[in-house]
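Here, each number is a calculation from the coordinates, and none is a lab measurement. This one's a predicted model, so the numbers in the text were calculated from it and none came from an experiment. When we count neighbours, we look across all protein chains shown, and the Cβ atoms used for this are built from the backbone with ideal geometry, even at glycine.
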Amino acid sequence: MPLHVSIEPDTGTLDTRACERLVRETGAPVFYSPAFLRAFEAFPLHSVERGAHILVHDEDGRAHAVLPVYLQRGVDPMGALAANRPEALDHPVLLSHVWHCYETTIPALSPEAARLAVDAMGDLAGEWGATLYGAANVGADSDAARVLGAAGLSGTPLDRMWSMDVSGLGGFEAYLESLGGKPRREMRRYLRRAEESGVRARELGVDDADLDGFVRLARATAGSKHHNADYYLPGVFQGFLGALGSCARVTELRVDGRLVASLVCLADDTRHHVWCLGVDDEACEGFSPTYVLVAHALRSAFEEGRPTVTAGRRNGWFKARYGFHPTELQVFLS
């Protein structure tokens, strides 16, 4: 059956039910769910000049590939392009996916459909006046990387994503036993000290969580550790989280009612995403709130039966110590 390409300017014209089926069929991460795409459209987490969704479908309307693309200029919230492809900052670039997605892929039922989407992206780049086009945060050994390379785009190392397969572990205690002696003792010590300090942990839906408090903590953490507080735009980030709905959960740590740490996790059918956090280390005497938040996220992953836990980019020393494994991410540009 022949395949056709359509360029959908927004999620209002996109067949979101067909896309949701495609995401599930291909095992694509939550960043390709209609909820995530709609949330970014309503609350852009970084500057975009234009956006569209490239949809490859058959005559019966079944989606065979989808590729969200965004025209950007000088957008580099994590400094990754400046360090690896600085020329991309001087020109309009049509990129997939957004920078808050650390697992860019091409949800497609076949390599043919994926290639059609990439070729359509090149055509759209020309129409929109983009000097370059491509994809960022693509796994170096992924099907998407092979399709992009075959289409003539060159890949350059960009960052690393961290993830862990927990399907063979029977729960959080079994996970702890799988660690080396020192990391295991340190995790248990911090959990014990947090309990002794009266820390109260709660996992909440976005409607009940203190989203203003999360953004305040996240901006302070990102600013002090990575000099990119605006990764969490005030007002915009709260709106985005609210629009995500049930695929996002927030874990809050409070001491005497005061919010001292907050973690946002996302979920899809197979992954528990430890997505972003903010902490006030000075308010947590004797323990690290990061350890406590990660422990709660892992417990949730085990309880929900999701086989993979992803933990984004950066802070590799901590993640390697606690069982996460790196995947090289690349940026592919024309």
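What are the residues whose amide H is under 5 Å from the amide H of residue 275, where those residues sit 5 or more places off or on another chain and H is modelled from the backbone?
Residues meeting the amide H criterion: 264, 265, 266.
Just going by the charge dipole of the chain, with Lys and Arg at +1 and Asp and Glu at -1 on Cβ, which of 296, 327, 149 is farthest out on the positive end?
Among 296, 327, 149, the one farthest towards the positive end of the dipole of the chain is 296.
Within 10 Å, at most 15 other Cβ atoms, and a DSSP state outside H, G, I, E, B define an exposed site. Report the longest part of the chain free of exposed GluC sites (Glu not before Pro).
On the way: sites that count: 49, 59, 285.
Looking at the chain, 60-284 is the longest stretch - no exposed GluC sites (Glu not before Pro) with at most 15 other Cβ atoms within 10 Å.
Taking 8 Å as the Cα distance limit and 6 or more residues as the minimum spacing, I'd like the relative contact order of region 114-163 as a percentage.
This gives 36 percent for region 114-163.
For residue 73, put the label point 7 Å out on the Cα→Cβ axis and report which residues of region 120-138 keep their amide N under 14 Å from it.
Answer for this model: 128-132.
Any idea what the relative contact order of the chain is, in percent, if you count C-alpha pairs under 8 Å spaced at least 6 apart?
Across the chain, relative contact order equals 21 percent.
Hey, what did region 5-128 get for relative contact order, percent, Cα under 8 Å, at least 6 apart? Working shown, then result.
Details: 183 pairs, mean separation 33.8, N = 124.
Over region 5-128, the number comes to 27 percent.
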